[in-house]
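Every number in this text was worked out from the coordinates using simple rules, so none of it is lab data. These numbers come from a predicted model, not from an experiment. Every residue, glycine as well, gets a Cβ built from its backbone with ideal geometry; the counts of neighbours run over all protein chains shown.
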Amino acid sequence: MTTASSMGGSSPRVKMRWWQRLVRTDAQVHADELVKRAQALGATAIDSCRVGDQCRVLGVLASVTLRPRSGVPAVVAEIYDGSGSIQLIWLGRRRIRGIEPGRALLARGRLTSAEGQLVIYNPLYDLMRGGDV
């Protein structure tokens, strides 16, 4: 096993990267895996998306709620891809089959901002199989 003291003349930067890999939490490892998988499937990392851009994001639904907006029913889901999260809002819907917490999906649409949160309204989406993300 390599220890910090056995790394000899390594630079402090190399030692720091080694230490960071050693002490990563399960959540950090999972987040890194999500980012890599999204990139492999041609999706953009959420932290790279900009308001006004057409975005294609792949991630896991962290939450799904029914939240009326201006008297209109709306399904609101938060998608997390390891780099950040975006709200997906389907207006005029009370429920969408397959849209549930823990489900992986690929969403596409124009990114906007509402109340300080990144949002895609009425996104196109593909539900992913369990092992796809």
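Each label point is 7 Å from the Cα along the Cα-to-Cβ direction; what then is the distance between the points at ARG69 and ALA114, in nm?
0.1
Within 13 Å, Cβ to Cβ, of LEU124, how many net charges do the neighbouring residues add up to if Lys/Arg are +1 and Asp/Glu are -1?
Details: positive: ARG56, ARG108, ARG110; negative: ASP126.
Surrounding charge for LEU124 is +2.
Could you tell me the distance between the Cα centroids of the range 74-133 and the range 46-70, to the nearest Å?
What the calculation gives is 5 Å, centre to centre.
Say R0 is 25 Å: what FRET efficiency, to the nearest 0.05, do VAL51 and ARG95 get from their beta-carbon distance? List each step's numbers first, then the result.
Numbers: r = 28 Å, r/R0 = 1.14.
Here the calculated transfer efficiency is 0.30.
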